[in-house]
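Below you'll find the structure, written out as structure tokens, and then a few comments.
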Amino acid sequence: MAISDYFIRYLQGKSEVGPADIARLRSIRTTTTSFQPGAVIIPQGETLTRSSMMVRGMSAHAHKVQGRSDVQVITAIHIIGDFTDLHGFMTKRLEHDVISMGQSSVEFIAHDELSRITQEFPHLTRLLWLATTFDAAVHRRWLVAAASLRSSAHLAHLVCELYTRQRSIGATQGLRFTLPILQRELAEILGYSPIHINRAVRDLKDRGLVRWVGSEVQILDWDELCRLAKFDPDYLSMERLVH
């Protein structure tokens, strides 16, 4: 298969991507693998010769807690069109697992292909670098949200972010989007117990801000949800960059 159109759409949202660059991206050959919920896509410490991109569902960076085999901490979520481990192109190993959130499919791209792009296509190289800075910006905002928001507001911030990221690549239907994350996994992301997450979800529903059934979320009052979450999308760098 060829590289995901969602990734090309993501890059076009950041900068001008010329015909030659698009043609080069479409020429990349990939292999696609499907994963069950919770399956490890890339294990911690494995020597990497390829990078992975989401084409269906979501994935997460999951960190093991030393001495607690039953506990993991999730520090990043990747949606369709995202590289899950582009930093591994340079580091060749990850200090965390990449796991499937719900049913997912992943495209694998050989590092040899990425190396040739960095040698021959400088603008695409800059855009790949930009993708890693985007991941870092999201991680910093998660730290700020964890330190400044509590319970329902913290969950609302995550909902706003994931909706905005999916909307930017055309993966939403109006104010509806898919969130294939269990409440237990939301607890691992936000640092609460599953009971607290259940209460926070119920609170957002009771406030009339969302309709949340299974993995399907509909935002009913975007402005009020953003106000509660103190959500400012600037960190998501939605503005187009100069070529």
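Just a few scattered comments:
- Whether the range 149-236 is rounded, prolate or oblate, judged on the alpha carbon gyration tensor where a/c under 1.5 counts as rounded: rounded
- One decimal place: the segment THR91-ARG126 gains 10.8 nm when fully extended, by the rule 0.36 nm per residue minus the C-alpha distance.
- Centre-to-centre separation between the Cα atoms of the range 37-78 and those of the range 140-172: 20 Å.
- Maximal additional length on extending the LYS64-GLU224 stretch stands at 54.0 nm, based on 0.36 nm per residue less the C-alpha distance.
- Where trypsin sites (Lys or Arg not before Pro) fall in DSSP loop in the range 144-243, at most 16 other Cβ within 10 Å: ARG150, ARG207, LYS230, ARG240
- GNM top mover of SER100, SER59, SER115 - the chain, alpha-carbon springs below 10 Å: SER115
- Among THR172, THR30, THR91, the largest mean-square fluctuation in a Gaussian network model of the chain, built with springs joining Cα atoms closer than 10 Å, belongs to THR91.
- Degrees, to the nearest 10: 122-148 long Cα axis against longest axis of the chain: 20 degrees
- Percent RCO, i.e. relative contact order, over the chain, from Cα pairs under 8 Å lying at least 6 residues apart: 23 percent
- Between ALA131, ALA62, ALA147, the GNM of the chain built on Cα springs shorter than 10 angstrom shows ALA147 fluctuating the most.
- Degrees between helix 151-168 axis and first principal axis of the chain (Cα, 0 to 90, nearest 10): 30 degrees
- Check: the chain dipole with +1 on Lys, Arg Cβ and -1 on Asp, Glu Cβ, in debye: 200 debye
- Helical mean residue ellipticity (222 nm; -39500 (n - 2.57) per DSSP H run of 4+; nearest 500) of the chain: -13500 deg cm²/dmol
- Using θ = phi - 60° in the Karplus curve 6.51 cos²θ - 1.76 cosθ + 1.60, the 3J(HN,Hα) couplings for the range 89-94 round to 4, 9, 7, 6, 8, 10 Hz; x is entered for Gly and Pro.
- Counting only lysines at least 8 places from LYS230 when in the same chain, those with an alpha carbon closer than 27 Å to its own are LYS14, LYS205.
- Here Cα extents along the principal axes in Å was calculated from the structure, and among [x] 62, 44, 35; [y] 58, 36, 32; [z] 53, 43, 29 it sits at label [z].
- Amide H contacts of ASP85: SER52, each under 5 Å away and 5 or more positions distant or on a separate chain (H built 1.01 Å from N in the peptide plane; Pro and chain starts excluded).
- Computed magnitude of the charge dipole of the range 5-142 (debye, nearest 20; Cβ of K, R +1, Cβ of D, E -1): 140 debye
- In order along the range 21-36, the Karplus-derived 3J(HN,Hα) couplings, from 6.51 cos²θ - 1.76 cosθ + 1.60 at θ = phi - 60°, round to 5, 5, 4, 5, 4, 5, 7, 5, 8, 10, 10, 10, 10, 9, 10, 7 Hz, and Gly and Pro are given as x.
Every number in this text was worked out from the coordinates using simple rules, so none of it is lab data. For clarity, every value in this text was computed on a predicted model and none was experimentally measured. Here Cβ is always computed from backbone atoms with ideal geometry, including for glycine, and neighbour counts include all displayed protein chains.
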